[in-house]
């Protein structure tokens with residue numbers, strides 16, 4: 001599974017395709033690995049919810065729609081099925097959802113909130 005790393009200085013986010021022994025560095029500081037969360041806390045809802053559509057699946061972020069404001073929004077939704085990765089970037093003002101051309105609802109889905117980090121419907125075991 002791809003690791004998500006964030007620079008706590010400039011905010012740059014990178015996905016690590018293949019892990020190695022080195023440390024990811026940005027702005028002369030080690031980048032922070034983003035841990036997948038799988039239990040909502042507080043009023044905002046972050047967990048991806050997967051539903052079937054005629055064209056594939058629809059992923060909605062939150063059991064109630066997540067805020068999509070300039071200061072607080074879902075940056076992307078990703079779906080992993082087997083060896084395939086689908087990613088849809090989102091912007092403030094859009095709905096916190098995306099449709100993907102995937103035949104099964106038994107997929108791993110992650111979403112990234114610019115304030116609260118990485119969320120998953122099937123978190124990686126640590």
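You will find that of 26, 10, the residue that is loosely packed, with under 11 Cβ neighbours inside 10 Å, outside the structural domain of residue 91 (by TED's automatic domain parsing) and more than 14 Å from residue 118 (Cα to Cα) is 10 and no other.
Scanning the stretch 12-33 for residues that are in a loop (DSSP other than H, G, I, E, B) and at pLDDT 95 or above yields 12, 27, 28, 31. Scanning the stretch 34-83 for residues that are modelled with pLDDT under 90, within 23 Å of residue 15 (Cα to Cα) and over 15 Å from the mean Cα position of the chain (by Cα) gives 82, 83. Of all residues in the stretch 77-87, those being touching a strand residue (DSSP E or B) at 6+ places or on another chain (Cβ under 6 Å) and buried (at least 16 other Cβ atoms within 10 Å of the Cβ) number 5.
The values are calculated or read from the model by the stated rules, or taken from the named source; none is laboratory data. The structure displayed is predicted, hence computed values, not measured ones. Counting neighbours? That spans all protein chains shown, and the Cβs are built from the backbone with ideal geometry, glycine included.
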